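Enquirer: Next up is a structure, given as structure tokens.
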Amino acid sequence: MPHLFDPLQLDTLRLPNRIVVAPMCQYSAEEGSATDWHMIHLGQLALSGAGLLITEATAVSDVGRISPQDLGLYSDANEAALSRVIAAIRRHSPIAVAMQLSHAGRKGSSRAPWDGGAQIAPNEQQGWLTEAPSPVPHAEGEHAPAALDASGLARVRDAFANAAERAARLGLDGLEVHSAHGYLLHQFLSPLSNHRTDNYGGSLENRMRFPLEVFQAVRAHFPAGKPVWVRVSATDWVEGGWDVESTIAYAERLKALGCAAIHVSSGGVSPKQKIALGAGYQVGFAQRVKEAVGMPTVAVGLITDHEQAEAIVASGQADAIALARAMLYDPRWPWHAAAKLGAHVVAPKQYWRCQPRELKDMYAGAHYGLR
């Protein structure tokens, strides 16, 4: 059996393989609530044969959204809309479903990428005043965010905790706390965006304080045994910014607090970043965290080839691989990987007759069954 298709245990959650559908923003919600697009989009990915599906960055408050069209979990309406989508997935797929909880911080109030992605000023229609560790805009010419004071920090912590409780009611299998890509928790971690002089700024220990408090709040409000993990940017790709050594220190603290895994990405906090793109360009970061901290790691970033993914897991560079754009381009990527590598994946019975005759034994939906 290829290592990519070995089971993976995260707390009490057992994944049938090491393929993760990464969270991907769709900019298609209405007032934070999931729409028919999410039913179609997540529904097809739930039939992919991957071991885990992570829903897109889901804002814990209205001002925590990246765009006015971002998914949220801060109201009863948001919860009800997502409940419909999750219930449909549960009826037709055995895939484990997790959610990424997020707060955009100073990168919020932005237009969707296909509308240019620029910041919407607070006085413009659909815009709002963003919040951040410090009143420092993300990019030159943008409106400065409001610095979070003590009451603001408590409000954000409570918002993460409340969203975790809603996620528990939805019956989700796990939670990922978004601490990457230049969003709020990453903004606290990076000295490029955190200029505070109180207990939440300055030293590495102080800059980690609020993200660790948020993790603890989420962990405390999600069922024991169900995994909670964190997505990190291993480096800012900017001199003097957040780096791999800081990431390792952060991961060690998270591990001590019961974090189930580290999902290792990079960048996003500064437009000055200079990213060295290439196939699997972030895998080395995941390997360094795994070797230094000894906790499960998920590698992501330009992993597109089946043999490439197998080599990453088989060599021990990471415990799992996450796919984003590759999965959008080929929503049956795990099926094709199984066929290429000689493994099995779950497929719905309605599709059992679709595979080429010579590969008919590759898709073992009848063996696993559906729930």
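What follows draws every value from the coordinates through simple rules; no lab data is involved. Everything numeric in this text was worked out from a predicted model, so none of it was measured. Please note: Cβ atoms are built from the backbone with ideal geometry, for glycine as well, and neighbour counts cover all protein chains shown.
Enquirer: Given Cβ point charges of +1 (Lys, Arg) and -1 (Asp, Glu) and nothing else, what value in debye, to the nearest 20, does the dipole of segment 23-135 about its Cα centre take?
Expert: Here segment 23-135 has a charge dipole of around 360 debye.
Enquirer: Separate question: Can you give the longest stretch of the chain with no exposed loop site, where a site means GluC sites (Glu not before Pro) in a DSSP loop (not H, G, I, E or B) with at most 15 other C-beta atoms within 10 Å? Kindly include the intermediate steps, with their values, before the conclusion.
Expert: Values: sites that count: E31, E124, E140, E239.
The answer is 240-371.
Enquirer: Nearest-5 percent of antiparallel DSSP beta bridges in the chain? Intermediate values should be presented prior to the final figure.
Expert: Details: 5 of 40 bridges.
Roughly 10 percent of the DSSP beta bridges within the chain come out antiparallel.
Enquirer: Please give the Cα centre distance for segment 317-339 versus segment 1-55, rounded to the nearest Å.
Expert: 11 Å
Enquirer: Also: Need one number: nm distance between label points at S315 and N162, each 7 Å from Cα along Cα→Cβ, rounded to one decimal.
Expert: Between S315 and N162, the simple spin-label model gives 4.6 nm.
Enquirer: Then there's this: Counting other Cβ atoms within 10 Å, which chymotrypsin sites (Phe, Trp or Tyr not before Pro) in segment 322-356 have at most 16 and lie in a DSSP loop?
Expert: Counting only loop positions with at most 16 other Cβ atoms within 10 Å, the chymotrypsin sites (Phe, Trp or Tyr not before Pro) in segment 322-356 are W352.
Enquirer: Still on this structure, please answer the following. Longer than 32 Å from Cα to Cα, which of K255/K349; K226/K274; K290/K340 are they? Say none if no pair is.
Expert: Too far apart for the 32 Å limit: K255/K349; K226/K274.
Enquirer: Going by amide H atoms built from the backbone, whose H comes under 5 Å of the H on T297, apart from near neighbours?
Expert: Here the answer is I262, D319, A320, since their amide H atoms fall under 5 Å of that of T297.
Enquirer: Give the Rg (one decimal place) followed by the Dmax (whole number) of segment 101-167, computed from C-alpha coordinates and expressed in Å.
Expert: 13.1, 38
Enquirer: Shifting gears a bit: Which Cα, out of I40, W242, A118, lies furthest along the positive dipole direction of the chain (beta carbon charges, K/R +1, D/E -1)?
Expert: I40
Enquirer: Oh, and also: Output the 0 to 90 degree angle, nearest 10, between the alpha-carbon long axis of helix 36-46 and the longest principal axis computed from the alpha carbons of the chain.
Expert: In the chain, helix 36-46 runs at an angle near 50 degrees to the longest axis.
Enquirer: If you line up the Cα atoms of segment 62-177 on their principal axes, what length do they span on each, largest first, in Å?
Expert: Each principal axis gives a Cα extent; for segment 62-177 these are 48, 36, 21 Å.
Enquirer: How far, in degrees from 0 to 90, does helix 76-92 lean away from the longest principal axis of the Cα atoms of the chain, to the nearest 10?
Expert: Helix 76-92 sits roughly 20 degrees off the main axis of the chain.
Enquirer: Quick check of the Kirkwood formula: for segment 7-294, what is the inverse mean of 1/r over all pairs of different Cα atoms, in Å?
Expert: Values: mean 1/r = 0.0527 Å⁻¹.
For segment 7-294, inverting the mean 1/r across all distinct Cα pairs yields 19.0 Å.
Enquirer: I've got another one for you. Return one number: the angle in degrees, 0 to 90 and rounded to the nearest 10, between the long axis of the Cα atoms of helix 244-256 and the longest principal axis of the Cα atoms of the chain.
Expert: Around 80 degrees separate the two axes.
Enquirer: In terms of modelled amide H atoms, which long-range or inter-chain residues lie less than 5 Å from the amide H of Q100?
Expert: Residues meeting the criterion, in which the H sits 1.01 Å from N, are T55, T58, E176.
Enquirer: Here is a further query. Could you work out how far the C-alpha centroid of segment 237-269 sits from that of segment 130-148, in angstrom?
Expert: For segment 237-269 versus segment 130-148, the Cα centre distance is 23 Å.
Enquirer: Taking a spot 7 Å from the Cα of H195 along the direction of its beta carbon, which residues of segment 77-111 have an amide N less than 15 Å from it?
Expert: Only 106 fall inside the zone, counting backbone N under 15 Å.
Enquirer: Taking the Cα centre of the chain as origin, work out the dipole magnitude from +1 charges on Lys and Arg Cβ and -1 charges on Asp and Glu Cβ, in debye rounded to 20.
Expert: Roughly 940 debye, rounded to the nearest 20.
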